[in-house]
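**Student:** Here's a structure for you.
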Amino acid sequence: MSFARRFSNFIFGSSCLGCGFYAEKLDPWLCPKCREELLSLGKDPFFPQEDVVCLYAMNALTRRLIHALKYQHMPGLASYLVKQSAACRGGGVYQWFCSFKKPFLLIPVPLHSSRLRERGYNQTDKIAYALANQIQGKPFHGVARRSFSESQTRLSLRERQCNVAGAFQIKKSFPKEKATCIIVDDVYTTGATTGACTYAILQEKEIDIKVCTLLFEKPVSAALDFVADSDIEWD
Ligand SMILES: [Zn+2]
C-alpha cells in the first residue's frame, strides 16, 4: 500500500475494498468482516485437476479483490492474497507443494505487451513472487506470449482451445537440473491458458508441471465461460 494511501487512511479512515463500507480500521484493505471471510475462503483451496490448485473460490469478495489487483493499480494485493491462503507455511497447499521435487520454478503467465505497458505490471508476476517467498521457489520468466490477433468472439470453446494451444513460446533455456515448474496465473476457468503454457514448456523440456492460480471460477455456461476467458485470461 502506498504511503499516501496509508496516510489518508490514518487521517480520514477509508472504505473497505471488499464491501465498500466505511471502516475505521482496515487490514490494510479489508474491514474485519471481509477479512474474516477471506481467511475462511483461504482455508478451502480447490483442486480442479490433479496438478492444479486454486487458492480461492470466486465469490463477490474475491472477484472485487482480483479486479482491484488488475485494474486499480494495487499490485500489493497479490502478496496479500497469497499470505492469507493455504499456500503459507504449514497450510494445505504449502504441504502439497512440499511433496514435489525441488527446486520450484514459478512461471508467471505472461501478459500481452500492450497490456503490460498500460498496467505497468503483470499481476501474475506479482503472484509468482509472493508464492516463491512462501514455498522457497524461484520466479522464472521462461515463457513468452506469441502475438495473437484473431478475434476469439465467434469461436466455440473447442476452437478457442485449439487456437490457444500455440499461444506461448519458450524465450530462454530451462535449467538442466531436475525441478518442478509451477505455472502461475490469476484465474483458472477452463484451463486453456495454463494448458497452452504447459504445452510450450513440454516442447522444450520433459519436466513436472503444476499450476497454481489465485482464483477458481466455474464455467457456468459457454457464454459466461467466454466472458471469463476474454476478460481475465486473454489480457
Ligand atoms: Zn468489508
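**Student:** Which is surrounded by 23 or more Cβ atoms within 10 Å (Cβ to Cβ) and either of a type in the set (S, T, N, Q) or outside the structural domain of T62 (by TED's automatic domain parsing) (or both), of Q123, Q95?
**Tutor:** Q123
**Student:** Tell me, yes or no, whether region 99-106 has at least one residue that is in the same structural domain as T190 (by TED's automatic domain parsing), over 27 Å from P175 (Cβ atoms) and under 19 Å from the mean Cα position of the chain (by Cα).
**Tutor:** no
Per-residue answers, yes or no, for (1) aliphatic (A, V, I, L, M); (2) closer than 29 Å to E37 by Cβ; (3) assigned to a loop (DSSP other than H, G, I, E, B):
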residue: I66; (1), (2), (3): yes, yes, no
residue: L69; (1), (2), (3): yes, yes, no
residue: K101; (1), (2), (3): no, no, yes
residue: L106; (1), (2), (3): yes, yes, no
residue: R117; (1), (2), (3): no, no, no
residue: D125; (1), (2), (3): no, yes, no
residue: Q134; (1), (2), (3): no, yes, no
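This table checks each residue for (1) farther than 18 Å from L131 by Cβ; (2) within 16 Å of the ligand (Cβ to nearest atom); (3) among the β-branched types (V, I, T); (4) more than 17 Å from the chain's Cα centre (by Cα).
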| site | (1), (2), (3), (4) |
| --- | --- |
| P32 | yes, yes, no, yes |
| S40 | yes, yes, no, yes |
| P45 | no, no, no, no |
| E50 | yes, no, no, yes |
| M58 | yes, no, no, no |
| L65 | no, yes, no, no |
| L69 | no, no, no, no |
| P75 | no, no, no, no |
| S85 | no, no, no, no |
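**Student:** Which condition number does S8 fail, the rest of (1) in a helix (DSSP H, G or I); (2) modelled with pLDDT of 90 or more; (3) of a type in the set (S, T, Y) being met?
**Tutor:** (2)
**Student:** Looking at K178, is it closer than 29 Å to S99 by Cβ, basic (K, R) and modelled with pLDDT of 65 or more?
**Tutor:** yes
**Student:** Next question. Being in contact (Cβ under 8 Å) with a residue 40 or more places away in the chain and at negative phi is the filter here; which residues of region 106-120 pass it?
**Tutor:** Selection gives L106, I107, P108, V109, P110, L111, H112, R115, R119.
The values are calculated or read from the model by the stated rules, or taken from the named source; none is laboratory data. As the structure is a computational prediction, the values presented were derived from the model and not from experiment. Neighbour counts are summed over all protein chains in view; Cβ atoms, including those assigned to glycine, are modelled from backbone coordinates with ideal geometry.
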